[in-house]
Amino acid sequence: MKVIFEDTRQKPEKNAHIRLQLERLGYKVVRQGMHCGDYTWATDQRICIDTKQDLQEVCGNLTQQHERFQAECVRAQELGIKLIILVQEPSIKSLADVPSWYNWRLKKNPRALNGVKLWKIMKTMSEKYDVVWEFTTKQECGRRIVELLGGE
């Protein structure tokens, strides 16, 4: 049985669906402190998957928590880890779709990021830190993690 590490900073109750999906696919999930990301193989940590609940969480990471997020990207780069950000956003299939995303927070705050501005920041993070942005649904997140790690 293959073992997947789940970072100890992942909130178990918030991400129970991912753990359940991975276990149903035949993987053992072990909570372990990680240098970056949320999920990786126990035996080969050259690829790490950082999961995001949706693009709203990405907005927060790239604005209010930019320094922390940037530090994680730099750490991955320095350690030779391929960092893949897996966003659970059913209407978005690729980074090219992000400009069409509507941020509902714009109704209350005109300074909130729109899809085009968010896309530009995400694209810059990709170019500067070699971060890969992938998208999935909540229902497919576990399967996508295994695929992105190079599993069957």
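Here are some notes:
- Segment Q77-E134, length gained on full extension (0.36 nm per residue, minus Cα span): 18.7 nm
- Using the alpha carbons alone, the radius of gyration of the chain stands to its Kirkwood radius in an Rg to Rh ratio of 0.96.
- Electrostatic bookkeeping for P12 treats Lys and Arg as +1 and Asp and Glu as -1; over the other residues with beta carbon under 12 Å from its beta carbon, the sum is +1.
- Local electrostatic count at Q56 - Lys and Arg +1, Asp and Glu -1, tallied over other residues with Cβ under 12 Å: -1
- The amide H of E6, built 1.01 Å from its N in the peptide plane, has V30, R31, Q32 as neighbours under 5 Å, considering only residues 5 or more places off or on other chains.
- Of the accessible area of the chain, computed with a 1.4 Å probe over protein heavy atoms only, carbon and sulfur atoms account for 52 percent.
- Kirkwood analysis of the Cα pair distances in segment 88-152 returns a hydrodynamic radius of 13.2 Å.
- Cross-link partners of K2 among aspartates and glutamates, defined as those whose alpha carbon lies under 16 angstrom from its own and excluding same-chain residues fewer than eight positions apart: E23, D44, E147, E152.
- Normalised by 2.2 N^0.38 Å, where N counts its residues, the alpha-carbon radius of gyration of segment 15-90 equals 1.15.
- Per-residue ellipticity at 222 nm from helix content only, as computed over the chain with -39500 (n - 2.57) for each DSSP H run of at least four residues, stands at -11000 deg cm²/dmol.
- Euclidean distance of C-alpha centroids, segment 68-132 and segment 4-55, integer Å: 20
- At the residue level, D97 shows approximately 50 square angstrom of accessible surface with a 1.4 angstrom probe and all protein chains present.
The values are calculated or read from the model by the stated rules, or taken from the named source; none is laboratory data. In this text, all values refer to a predicted model and were calculated from it rather than measured experimentally. Note that we place each Cβ from the backbone using ideal geometry, even for glycine, and neighbour counts take in every protein chain shown. For accessibility, only protein heavy atoms count, side chains too; no ligands or nucleic acids. Shrake-Rupley method; radii C 1.70, N 1.55, O 1.52, S 1.80 Å.
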